[in-house]
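Visitor: I'd like to ask you about the structure that follows.
What follows is calculated from the coordinates using simple rules that are stated; it is not laboratory data. Everything numeric here is computed off the predicted structure, so don't read it as measured data. Using ideal geometry, Cβ is built from the backbone for each residue, glycine included, and neighbour counts are taken over all protein chains shown.
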Amino acid sequence: MKESDKYYLCYEKLMKTAPEKPLAELSEYKDLLARYPHIAESIRLRREIEKLEEEARSAKDRSTILQLRREINDLTAKLKRQDILKRLHGEGKQATDFWIRFSIGNLRLRLSSPVRKVCSSLQEKLQEQSRRSRLARAERFPPSLFDLRSLDSADRGLALTEWVKKRRVRIRPG
């Protein structure tokens, strides 16, 4: 596995974690922090901003909302500094590559979900049609020899007679 693939997996795991979870405790965060410290810190700041925005949306008190907005603005300024540091230390290209790869993966998932639903519904319809055609074929042909072997000779004749009567009624009603 290439080194960038290893760190991309860490990046992907961090991007998919919920904003409520503390990132500093995750081993992926520590791995990414060791190799790409500015990328890891910017992810942490983004998660913190998302968490505070969610709190601000659910807050009722105006003073709490203003305080949360101030904290969000402070974190946004820190995030801008991290972006500058990423470019300065050569992590900007890697961050862009990670982001593009992550976005394409998410897009594939979102697009494949409806396709899977359509395919599964088509598959169910085909199975139902196949079942119906098997039943129709079974009605057209006499009972199988395998089924007839299990019956004694009197029952065998009775089964064949019933099949002929059903077939005659279905073909020529009257």
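Visitor: Pairs of Cα atoms under 8 Å, at least six residues apart: use those to get the relative contact order of the stretch 3-109, whole percent.
Guide: Working: 71 pairs, mean separation 27.1, N = 107.
Relative contact order comes out at 25 percent.
Visitor: Right, here's the next one. Output wanted: per-residue J couplings in Hz (rounded whole) for the stretch 75-82, from phi through Karplus 6.51 cos²θ - 1.76 cosθ + 1.60, θ = phi - 60°, x for Gly and Pro.
Guide: 5, 5, 5, 5, 5, 5, 4, 5
Visitor: So, one more: Go ahead and set up a Gaussian network model of the chain, Cα springs under 10 Å, then flag whichever of L33, L85, L158 fluctuates most.
Guide: Most flexible of the set in this elastic network: L158.
Visitor: Could you work out how far helix 92-140 tilts from the main Cα principal axis of the chain, as a 0 to 90 degree angle to the nearest 10?
Guide: Here the helix axis deviates by roughly 10 degrees.
Visitor: Roughly how big is the stretch 1-65's charge dipole about its Cα centre, with Cβ charges of +1 (Lys, Arg) and -1 (Asp, Glu), in debye to the nearest 20? Numbers along the way, then the final one.
Guide: Details: 14 positive and 14 negative charges, 9 e Å.
Taking the Cα centre of the stretch 1-65 as origin, the dipole is about 40 debye.
Visitor: Which whole-Hz couplings ³J(HN,Hα) result when phi for each residue of the stretch 35-42 is put into the Karplus expression 6.51 cos²θ - 1.76 cosθ + 1.60, θ = phi - 60°, listed in order with x for Gly and Pro?
Guide: Using θ = phi - 60°, the values come out as 8, 10, x, 6, 5, 4, 5, 5 Hz.
Visitor: Here is a follow-up. Counting only helical runs of four or more DSSP H residues, what would the 222 nm mean residue ellipticity of the chain come to if each run contributes -39,500 (n - 2.57) and the total is spread over all its residues?
Guide: On the way: 7 runs with 145 residues, N = 174.
Value at 222 nm, helices only, nearest 500: -29000 deg cm²/dmol.
Visitor: Looking at the chain as a GNM with Cα springs under 10 Å, which of L26, L45, L135 has the largest mean-square fluctuation?
Guide: In the Gaussian network model the winner is L135.
Visitor: Round to the nearest 10 and give me the degree value, 0 to 90, for the angle of helix 153-171's Cα axis relative to the longest principal axis of the chain.
Guide: 70
Visitor: Roughly how big is the chain's charge dipole about its Cα centre, with Cβ charges of +1 (Lys, Arg) and -1 (Asp, Glu), in debye to the nearest 20? Before the final figure, lay out each step's value.
Guide: Details: 41 positive and 26 negative charges, 249 e Å.
My answer is approximately 1200 debye.
Visitor: Now a separate question. Restrict the search to the stretch 1-59; then list the GluC sites (Glu not before Pro) that DSSP places in a loop and that have at most 13 other Cβ atoms within 10 Å of their Cβ.
Guide: Numbers: sites: E3, E12, E20, E25, E28, E41, E48, E50, E53, E54, E55; in loops: E20.
Counting only loop positions with at most 13 other Cβ atoms within 10 Å, the GluC sites (Glu not before Pro) in the stretch 1-59 are E20.
Visitor: To the nearest 0.05, how large is the calculated FRET efficiency for K6 and D74 if R₀ is 30 Å and r is the Cβ-Cβ distance?
Guide: Details: r = 33 Å, r/R0 = 1.09.
Computed FRET efficiency for K6 and D74 comes out at 0.35.
Visitor: When the chain is modelled as a GNM with alpha-carbon springs shorter than 10 Å, which of D97, D152, D83 fluctuates the most?
Guide: Comparing D97, D152, D83 in the GNM, the peak value goes to D152.
Visitor: I want to make sure I understand the PRE zone here: with the label point 7 angstrom from the Cα of E20 toward its beta carbon, which residues in the stretch 47-67 have backbone N atoms less than 19 Å away?
Guide: Zone members listed by number: 47-60.
Visitor: Which trypsin sites (Lys or Arg not before Pro) in the stretch 1-107 pass both tests, a DSSP loop state and at most 13 other beta-carbon atoms within 10 Å?
Guide: Numbers: sites: K2, K6, K13, K16, K30, R35, R44, R46, R47, K51, R57, K60, R62, R69, R70, K78, K80, R81, K86, R87, K93, R101; in loops: K2, K60.
The qualifying sites are K2, K60.
Visitor: Take the alpha-carbon centre of the stretch 71-100, take the same for the stretch 1-45, and report the distance between them in whole Å.
Guide: 14
Visitor: Put +1 on the Cβ of each Lys and Arg and -1 on the Cβ of each Asp and Glu in the chain; which of L126, P37, G92 then has its Cα farthest toward the positive end of the dipole?
Guide: So the residue furthest toward the plus end is L126.
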